[in-house]
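The values are calculated or read from the model by the stated rules, or taken from the named source; none is laboratory data. Since we're looking at a predicted model, the values are computed, not measured. Don't worry about glycine lacking a Cβ; one is built from the backbone with ideal geometry, like all the others, and counts go over all protein chains shown.
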Amino acid sequence: MAKVTIRDVAAAAGVSAATVSRALSQPGRVTLETAQRVRRIADELGYRARAVDVDPLDVQLVGEIGALVPDLRYPIFADYLHGMQGQCDARDFVLTISSTRDSGEVERALIDRAIRRVDGLILVAPRVPDTTIRRAAGVRPVVVVNRLVRGVRSVIADDRPSIDEMVRALARLGHRSVAYVPGGTSSWQNGLRWQGLLTACQREGIRLRRLECPYDSGRAGTDASALLDGTVIDSFLERPATALVAYNDAIACACMRALASRGVRVPGDVSVVGFDDTQEGRMSAPRLATVGVDRERMGELAAARLIERVLHVGDAVDAPVVETARFMPAASLGAAPVR
């Protein structure tokens, strides 16, 4: 069966391909009568069926999806991209990747450039304001990963159940004090993780304090030890907690190295937990306890939702897709020391 294209719908409706595109994606830009007629004909021709693929000659589509990630050197982003690539390959889209270098300014410039030449855009852990994202979504379909933006489709990891499980495990092991080493202030997940820890620790009667860390994901992507100039761990050791939770595995592993250099044993003196379930954490000594989620699956879901929007198939629901993270205990987690 021949593929149904926007041109086929346009010919049957007696309008231009551009009008069909507007009627399907931005119906407010055409009359109600035109929008209804185009949608009826598109349904009759099967244009909204999932079997429809991209027509390379379609004047409205170029067959290219853009993806922006904070840092290509931090390995978790490769997992998201691998999932996206599979979906794009299956639907004959090219995936174009750019790094924002964890900079809102760079990200804004890349969005402005990409939105003019791609069919849709996936933003992974974006740092720009919601207004910038919504403005882009008004020009091209946009899906956001690990961020909630009103009116924009999203795929998010829910860390809260795993944080609750982590804190309960710490409580069972006798821990009554926890320190948190945060990520960047512009990170949406950083705020969620802090709030999740705060709520869970209050419920378990555990004292929680927040350390200051000059986080830079670009540097964390290569050697997070550069983040710990001595002041972070020195501040921690001035008022030590029995457990240390870091924003991600890179910082957690750097903390373990810094603690070891000062003669502090993990987990004998301090238990350490990270987030992201990275290869670095799995290969560390001791193996790092962490919280992880199926990032490849999240990438697949993000690309699938975006391509549905680009091709005008699937439902129009903008409710976020949620993947639940898992807590993974490991050797860096132990009983609280007697003090």
Could you list, in sequence order, the residues of the range 287-304 that are surrounded by fewer than 17 Cβ atoms within 10 Å (Cβ to Cβ) and within 18 Å of residue 169 (Cβ to Cβ)?
287
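Could you tell me whether the range 96-108 includes any residue that is closer than 15 Å to residue 122 by Cβ, of a type in the set (A, V, I, L, M, F, W, C) and modelled with pLDDT of 90 or more? Give the steps one after another, and end with the answer.
Quick first cut of the range 96-108, residues closer than 15 Å to residue 122 by Cβ only: 96-100, 107.
Imposing the further condition that a residue be of a type in the set (A, V, I, L, M, F, W, C) reduces the set to 97.
Filter again for modelled with pLDDT of 90 or more, leaving 97.
Among the residues of the range 96-108, at least one is closer than 15 Å to residue 122 by Cβ, of a type in the set (A, V, I, L, M, F, W, C) and modelled with pLDDT of 90 or more, which makes the answer yes.
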Here are the criteria: (1) buried (at least 22 other Cβ atoms within 10 Å of the Cβ); (2) hydrophobic (A, V, I, L, M, F, W, C); (3) touching a residue at least 24 places away in the same chain (Cβ under 8 Å). Tell me which single one residue 133 does not satisfy.
(3)
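Which ones in the range 278-320 are in contact with a Ser or Thr (Cβ under 7 Å, 6 or more places away or on another chain) and of a type outside the set (Gly, Ala, Ser)?
Start the filter on the range 278-320 by keeping residues that are in contact with a Ser or Thr (Cβ under 7 Å, 6 or more places away or on another chain), which leaves 281, 286-289, 291, 312, 320.
Listed by number, the residues that qualify are 286, 287, 288, 291, 312, 320.
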If residue 276 satisfies every condition in (1) buried (at least 22 other Cβ atoms within 10 Å of the Cβ); (2) assigned by TED's automatic domain parsing to the domain that holds residue 149; (3) acidic (Asp, Glu) but one, which is the exception?
(2)
Single residue of the range 178-217 satisfying the filter (in contact (Cβ under 8 Å) with a residue 40 or more places away in the chain and touching a Leu at 6+ places or on another chain (Cβ under 8 Å)) that is farthest from residue 127 (Cα to Cα):
178
Every residue from the range 119-134 that is more than 14 Å from residue 186 (Cα to Cα) and out of contact with any helix residue (DSSP H, G or I) (no Cβ under 9 Å at 6 or more places or on another chain):
131, 134
Members of the range 86-110 found to be of a type in the set (Asp, Glu) and either crowded, with 17+ Cβ neighbours inside 10 Å or not assigned by TED's automatic domain parsing to the domain that holds residue 133 (or both), listed by number
102, 107
